[in-house]
Structures are given as structure tokens and as C-alpha cells.
């Protein structure tokens, strides 16, 4: 079977989405820079979007793509508020790593 | 041709995702994120999601990443991330957890989750005389999901107001060494 006739099924997209999601999750757990942790959250959201689109194709139903819009909107709102929080923390502490947020614990 | 495109885009998406996690410099992380987002947009196109792919490039790869880059430039990136773990063995444990998560996802993927049940609207991805991709998305978005769509507007307003309130300078100077310009008296 050559590459030209090779059929890429929806399963391939789901496997890829699982891999991207895992990379994002490991990034959130390992990195200290809050901005990079944020980007890893975006990676995870994108992996889920990819699986939504793959399922929309698999089930032949447009609703999966509509849900992606709502995920995008929530991601945009989350980034706006999250970055504002990071800027506010930076004003107060001069640094913005996860270790600087230790003061938040009771 | 489609398979070739898929493997190129998938490889670029995975490389970009790894780059986001592994890059030392946050600016490099943001640029790797753009690479992943554009690759995922190509994958969306391959799965007949034209509108979503366009929105992905416009909203994610431009607006959100530019926001990230603005904040990175604003805060400065010169500080090295400390490599010692505050919780012992945090990083090895995180990688082990990631491997377990991936194994779990693959294990669950072998089970029958998708029932094949159609939603109430029943607008299919192709066929049925519903027009092109944009018309199909619009039909569902403005009928079945109209209430959620309106709530979304409220959410965005709340997010914008919250961001402005958080990022606004408060009454007193938080840190005298920041060299801020004199405060203006706000009503």
C-alpha cells in the first residue's frame, strides 16, 4: 500500500489528539513559567478541538464543529483573564513563576 | 495526497507541541505554539471543517498568540526557570503520570464510546442540501445553540471587564522600583 492510496481514518486524528493532549498535560506539570503553563493549557484545548472535529467527521454531524466554537470562545476568555492575573501578580512580585504563587496557600 | 498532508501536519503539530514544552525561552514556546495551531488548522481542513480552520488561524494563531507575546514582552523573559524541584521528584513523577495518561487514553479509545447517536438537529457534515460548511455551522449555531451563543456574549463581556479590572493600576503603587509614571486620579 503506497502513501497515495493510504486511507487516513478518524482514528489517526484521535490518536494524534491524545498525544498532543498528553504533551500539554506533562508541560503543565513540569514547567514553572506560568506563561508556558498557559500555552500548554492551550495545547490541551486544541487537542480536544481536534478530537471534536474528528468525531464530527466520524458521525457525519456538524454539531461537533459548533462545539469547537464554544471551546474557542471560552479559551479566549480564559486567556484574557489569565494573562491579566499574571500581569497583576508580576506587578506585585516582580516575577511570575508558579513558585511565586506559593503565598496563595493558606 | 491527503495521507501525505496528514502525516506532515501531524508531525509538525507534535514537533510544535514538544517545542512548547521543551523550549527554554517563552518566546520560542509561543512560536512553537503557532506552529502547532496552524498544523491543527490544516488537520481541520482535512476533516471538512473549513470555517473552524479559518477561525483557528484568525483567533488562535493570531489574536491569542499575539496576546501571549505582548505579555511576554511586557514582563521580560530574562529570568531563568529554576530547575530544582520544590516537591521532590516532581518532574519524573509528572512524566510518569503523562505516560500513564496516554496509556489510559489509548486504552479507553479501544472501547465503544461514540454511540453514533445523532443530535436533534441532524444537520450532517455532507449531503442533505444544507449548503456549504459555513451555512451548516450557522444553521446549528443560530437555532439549537442560540441560548448558548447568547450566554457566550455575556461571558466575553465578563472576561473583558475582569481583565481590565485586574490589569488596571490600583490606588497605591505596588512596587516603588517599577518606575511607573505618576498615578492619575481616577474617579
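One table, with the values for the structure above:
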{"item": "Nearest 10 degrees, 0 to 90: helix A:10-30 Cα axis against chain A principal axis", "result": "10"}
{"item": "Point-to-point label distance, residue B:142-residue B:28, nm (Cα→Cβ direction, 7 Å offset)", "result": "4.7"}
{"item": "On Cα atoms only, tilt of A:34-59 relative to the major axis of chain A in degrees", "result": "20"}
{"item": "Cα-based equivalent ellipsoid of segment B:129-169: semi-axis lengths in Å, sorted from largest, via gyration tensor", "result": "33, 11, 4"}
{"item": "Taking chain A and dividing mean pair separation by its residue count, relative contact order in percent (alpha carbons under 8 Å, at least six apart)", "result": "25"}
{"item": "Acute angle (nearest 10 degrees) that the helix A:63-93 long axis makes with the longest principal axis of chain A, alpha-carbon atoms", "result": "20"}
{"item": "Sum of -39500 (n - 2.57) over DSSP H runs of 4+, divided by residues of chain A (222 nm, nearest 500)", "result": "-26000 deg cm²/dmol"}
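Every number here is computed from the coordinates shown, using simple stated rules; none is lab data. Quick caveat, the model's predicted, so the values are computed rather than measured. Please note: Cβ atoms are built from the backbone with ideal geometry, for glycine as well, and neighbour counts cover all protein chains shown.
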